[in-house]
Amino acid sequence: MKLPQDAVISERKIKEYLLTPRVEDDKSGFLALAGYSLQSWRQLETDLRRQIDERDALLIQTTRYGEMYQIKGQLTGPNGKVLDVITVWVRLHATGETRFVTLIPDKEARR
C-alpha cells in the first residue's frame with residue numbers, strides 16, 4: 001500500500017528528535033554516519049518523503065489512535081553513505097491524517 005504524498009513530517013520531529021543527541025533512543029549518531037545534521041534537516045525530510053514515493057507500506061499494528069505502517073528502505077545521506085532504515089508512520093483514525101512517527105536502523109537488511 002502506498003502512503004499519501006501529503007503525509008506530515010514534522011520539522012520539530014526531525015530537528016528535536018532525530019537529529020539532536022538524546023540520552024535514550026538516540027538517532028542522531030546513526031544519521032550522522034550518512035552526513036545528516038541539524039544543518040541538513042531539510043535533506044532528511046526530502047529523503048524520508050522519498051520513501052513514501054518509492055516504497056509500499058506494510059500495516060504492522062492497529063491501535064486506538066490509528067493504523068501503524070512501516071516502510072523498509074534506504075536513505076542516501078549528504079555524504080553518499082547509504083543507511084538501511086525502517087520508517088514508521090501512523091494514519092490517525094480521528095482525522096485520517098498520515099504522520100511520520102520514527103526511524104529505526106534496519107539491522108536485518110542485506111545488500
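The values are calculated or read from the model by the stated rules, or taken from the named source; none is laboratory data. Source: prediction; values computed, not measured. Cβ coordinates were reconstructed from backbone atoms using ideal geometry, including for glycine residues, and neighbour counts include every protein chain displayed. SASA here: full protein model, heavy atoms, side chains in, ligands and nucleic acids out. Shrake-Rupley method; radii C 1.70, N 1.55, O 1.52, S 1.80 Å.
When you go through (1) open to solvent by 100 Å² or more (accessible area, probe 1.4 Å); (2) touching a strand residue (DSSP E or B) at 6+ places or on another chain (Cβ under 8 Å); (3) charged (D, E, K, R) one by one for Arg42, which number turns out not to apply?
(2)
Conditions first: (1) surrounded by fewer than 17 Cβ atoms within 10 Å (Cβ to Cβ); (2) in contact (Cβ under 8 Å) with a residue 40 or more places away in the chain; (3) of a type in the set (Val, Ile, Thr). Ile71 passes all but one, so which condition is the exception?
The one condition Ile71 does not meet is (1).
Just to verify a result, which residue in region 1-43, among those that are farther than 24 Å from Leu58 by Cα and of a type in the set (Val, Ile, Thr), is nearest to the chain's Cα centre (by Cα)?
For region 1-43, the residue satisfying everything is Thr20.
Tell me which residues, restricted to region 31-58, are among the charged types (D, E, K, R) and more than 13 Å from Gln74 (Cβ to Cβ).
Arg42, Glu45, Arg49, Asp53, Asp56, listed by residue number.
Give region 47-68 a look and list any residue that's under 11 Å from the mean Cα position of the chain (by Cα), open to solvent by less than 70 Å² (accessible area, probe 1.4 Å) and not hydrophobic (A, V, I, L, M, F, W, C), or say none.
Answer for region 47-68, where residues must be under 11 Å from the mean Cα position of the chain (by Cα), open to solvent by less than 70 Å² (accessible area, probe 1.4 Å) and not hydrophobic (A, V, I, L, M, F, W, C): Asp47, Arg49, Gln51.
Quick check on my filter: what residues within region 47-78 are among the aliphatic types (A, V, I, L, M) and not in a loop (DSSP other than H, G, I, E, B)?
Across region 47-78, the qualifying residues are Leu48, Ile52, Leu58, Leu59, Ile60, Met68, Ile71, Leu75.
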